[in-house]
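Take a look at the structure set out below.
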Amino acid sequence: MQKRLLALSLGLVFAGSAFAAEQFVPVPSYRVGPYASGGAKYYGGMIDYLNYVNLKEGGVGGVKLAYEECETEYKNDRGVECYERLKKKGATGASAFNFMSTGITYATMDRADKDKIPLMTIGFGRADAKDGSVFPYVFPLVTSYWSQATAKIQFIGQRLGGMDKLKGKKLVNLYHGSAYGKETLPVLEAMAKKYGFELVNVEVPAPGTEQQSQWLEVRRQQPDFVLLRSWGVMTPAAIKAATKVGFPRDKIISNWWGGSEEDVIPAGEAAKGYIAGSFAADGKQFPLIQDIEKTLYAQGKGNLSDTGSIGTVNYNRGVVGGVMLVEAIRVAQGKYGKKPLTGEQIRWGFENLNIDAARQKALGISNMVPPLKTSCSNHEGSGYTRFMQWDGKDWKPVSNWIPADRSVLDPMVKASAAKYAQEKGITPRDCSKEK
């Protein structure tokens with residue numbers, strides 16, 4: 001009762017409150033466990049955006065956003081429990097799930113498809129889910145692992161002065177010893193074949209705290225660049241190990257899960273010059289972030305107790321997650337009416353997003369993420385990556401938004417999705433008939 005009364009006094013809405021029209025949003029967060037720091041900021045940002053929309057707009061189309069958190073601890077079994085607990089909440093059930101976990105997403109994909117509930121996989125999960133004809137309820141919005149892998153190679157080409165300069169170069173791919181770490185291996189091998197560089201794969205056993213032997217191998221190989229595919233404690237450990245063997249940090253190109261404050265601050269001075277990919281820019285320079293701070297935190301209504309987290313990489317990613325969900329609801333209301341919608345109806349909204357430059361400006365997120373337009377055949381909607389460099393205090397952009405290499409990826413996505421459809425007995429949708 002106290003939780004509900006507090007929510008109402010702040011203008012926030014939880015599941016089960018007294019509003020006549022509510023759209024239920026499940027929040028399967030992880031604020032406990034080894035990844036709690038990033039998870040707390042991410043889901044804090046997402047919840048802040050939901051509360052912001054309720055306070056500024058009275059909800060979406062007059063429909064209040066109700067939410068409920070469920071702690072997953074980033075564990076697959078806990079994630080499945082949260083899915084089952086929250087999927088039927090509210091008058092019309094769960095709007096969509098955003099687990100921020102590839103493992104939990106894989107564990108719930110079949111369930112979500114059966115229950116007709118969208119899964120948001122922004123920057124994680126299956127890259128072949130771009131093909132909405134096979135994966136109607138999975139949305140790897142903005143950019144996938146595969147898209148980012150091709151962008152890494154293009155970024156290195158830019159640093160060298162042209163893609164033709166890649167020929168004869170040596171790149172070490174230092175990757176997390178897990179399914180996540182291995183996911184981009186075929187993409188990098190295809191890029192190596194296309195551009196003529198040598199690719200040396202070096203695995204780091206999970207969780208990645210011990211890397212001495214791997215970096216001795218890096219020193220022996222003397223590569224031109226190191227592609228780092230890390231997660232959690234592996235990232236600062238890699239930066240420190242690179243320093244010990246004298247490998248330049250500005251020659252390390254990491255993915256976005258190695259590109260937050262949590263990844264570089266523990267490494268101290270050693271992290272200066274380190275580069276990582278990004279799908280959502282950090283900082284408070286965006287009007288939306290500034291307005292959230294004024295509307296929520298200045299009034300004591302923010303989700304996070306540490307206001308220093310506002311504008312950090314993971315916080316802004318969480319806000320972007322909230323934006324994508326609310327925009328999908330908004331678009332779906334245009335088709336189905338301004339009322340609480342089912343997951344199946346919101347799926348249509350996700351499949352018809354158009355967050356172009358004009359819409360970004362209206363939302364207050366210009367250039368925070370790349371423009372995005374989804375369709376039945378394109379659940380990713382963008383495929384762009386930007387690279388950021390740590391200067392010891394802040395992340396600074398060192399590239400524009402770099403598109404994925406579709407000549408490499410499109411055949412791979414098509415083949416992988418077709419294989420999945422065959423294994424699961426799925427008849428792909430005819431996207432030409434979707435409206």
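The values are calculated or read from the model by the stated rules, or taken from the named source; none is laboratory data. All values derive from a computational prediction rather than experimental measurement. A quick note on method: Cβ atoms are made from the backbone with ideal geometry, for glycine too, and the neighbour counts reach across all protein chains shown. The accessibility values were calculated without ligands, DNA or RNA, using every heavy atom of the protein model including side chains. Shrake-Rupley method; radii C 1.70, N 1.55, O 1.52, S 1.80 Å.
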Dividing the helical contributions, -39500 (n - 2.57) per DSSP H run of n ≥ 4, by the residues of the chain yields a 222 nm value, nearest 500 deg cm²/dmol, of -13000 deg cm²/dmol
Computed Rg/Rh for the chain (Cα atoms; Rh = Kirkwood radius) stands at 0.96
Computed on Cα atoms, the radius of gyration and Dmax of region 86-141 in angstrom are 10.7, 32
Expressed in square angstrom to the nearest 10, the accessible area of LYS424 with a 1.4 Å probe stands at 100
Net charge (Lys, Arg +1; Asp, Glu -1) of residues whose beta-carbon lies under 14 Å from that of SER230, SER230 excluded, is 0
Simple SL model, points at 7 angstrom along Cα→Cβ for LYS396 and ARG111; separation in nm is 4.6
Given a Förster distance of 30 Å, the FRET efficiency implied by the Cβ-Cβ spacing of TYR336 and LYS284, rounded to the nearest 0.05, works out to 0.25
Taking Cα atoms, the helix 234-244 axis meets the longest principal axis of the chain at an angle in degrees (rounded to 10) of 30
Two pseudo-spin positions, 7 Å from Cα along C-beta at ASN367 and at THR209, lie apart in nanometres by 4.2
The helix 212-221 Cα axis meets the longest alpha-carbon principal axis of the chain at an angle in degrees, between 0 and 90 and rounded to 10, of 50
As straight-line cross-link partners of LYS244, the qualifying aspartates and glutamates (C-alpha separation under 17 Å, not fewer than 8 residues apart within one chain) are GLU210, GLU217, GLU269
Note on region 179-309: the mean projected area of its alpha-carbon convex hull, in nm², is 10.0
The correct ranking of THR184, THR243, THR427, THR209 by accessible area at 1.4 Å, largest first, is THR427, THR209, THR243, THR184
Length gained if LYS193 through ALA21 is fully extended, taking 0.36 nm per residue and subtracting the Cα-Cα distance, is 56.4 nm
A 1.4 Å probe over the protein heavy atoms gives the chain a carbon and sulfur accessible-area percentage of 50
Beyond 20 Å (Cα-Cα) in this structure, taken from LYS284/LYS393; LYS152/LYS193; LYS193/LYS272; LYS130/LYS335, we find LYS193/LYS272; LYS130/LYS335
Counting only protein heavy atoms and rolling a 1.4 Å probe, one gets per residue an accessible area for region 58-169 in Å² of 32
Tilt, helix 102-115 to longest principal axis of the chain (alpha-carbon atoms), in degrees rounded to tens, equals 40
Among region 406-428, those whose backbone N falls under 18 Å of a label point 7 Å along Cα→Cβ from ASN201 are 409, 412-413, 416
Going through LYS64/LYS301; LYS373/LYS414; LYS194/LYS396; LYS87/LYS294 one by one, the pairs whose alpha carbons sit over 25 Å apart turn out to be LYS194/LYS396; LYS87/LYS294
Candidate cut points under chymotrypsin sites (Phe, Trp or Tyr not before Pro) in region 230-281, DSSP loop plus at most 16 other Cβ atoms within 10 Å of their own Cβ, are none
Kirkwood radius from Cα pairs of region 139-194 plugged into Stokes-Einstein at 37 °C, 0.692 mPa s, gives D in µm²/s equal to 268
antiparallel share of DSSP beta bridges within the chain, to nearest 5, in %, is 30
Relative contact order of the chain (C-alpha contacts under 8 Å, at least 6 apart) in percent is 20
